[in-house]
């Protein structure tokens, strides 16, 4: 009986943590984007400046959701949206603009069905089109 109570307590504790965005980041994103979101130069882009920057345009939001790591994540659409919103608030060098629109499960569901094949091409175009005052002088890549 005591074993069952401990097992049940442990299972409910793990289930609660499974939905925490920081844990989902650690499990699904941190291996490539690193603990601070800075990525790996020449291999994995930093999200510290680009995530908030891209989140401000429809095409940028589509890109964020369609990158393979997001589109093919085992997380639910809701957990993915929650994670993206957490990342924008906690890993960005840029402040959230007052008109920041949170990612939604419906938006994630819509775009993740079409993963990007040419990620670097679309990213380069988005960075080139981004207003300079939004991403500053530092290289956001």
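Can you tell me which residue in region 42-73 is nearest to the chain's Cα centre (by Cα), limited to those that are without any contact (Cβ under 8 Å) to a residue 40 or more places away in the chain and farther than 19 Å from residue 106 by Cβ? The extreme case among them is 44. Of all residues in region 15-34, none are in contact (Cβ under 8 Å) with a residue 24 or more places away in the chain and closer than 21 Å to residue 130 by Cα. Considering only residues that are more than 17 Å from residue 90 (Cα to Cα) and assigned to a loop (DSSP other than H, G, I, E, B), which ones fall in region 28-44? Correct list: 41, 42, 43. Could you please find all residues in region 56-72 being within 14 Å of residue 122 (Cα to Cα), part of a helix (DSSP H, G or I) and in contact with a helix residue (DSSP H, G or I) (Cβ under 8 Å, 6 or more places away or on another chain)? 59, 60, 61, 62, 63, 64, 65, 66, 68 - these are the residues of region 56-72 that are within 14 Å of residue 122 (Cα to Cα), part of a helix (DSSP H, G or I) and in contact with a helix residue (DSSP H, G or I) (Cβ under 8 Å, 6 or more places away or on another chain).
Let's see how each residue does on (1) touching a strand residue (DSSP E or B) at 6+ places or on another chain (Cβ under 8 Å); (2) at pLDDT 90 or above; (3) not in a loop (DSSP other than H, G, I, E, B):
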| position | (1), (2), (3) |
| --- | --- |
| 16 | no, no, yes |
| 22 | no, yes, yes |
| 51 | no, yes, yes |
| 54 | no, yes, yes |
| 74 | no, yes, no |
| 80 | no, yes, yes |
| 84 | no, yes, yes |
| 89 | no, yes, yes |
| 95 | no, yes, no |
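The values are calculated or read from the model by the stated rules, or taken from the named source; none is laboratory data. Note that this is a predicted model, so its numbers are computed, not measured. We place every Cβ from the backbone using ideal geometry, glycine too, and count neighbours over all the protein chains shown.
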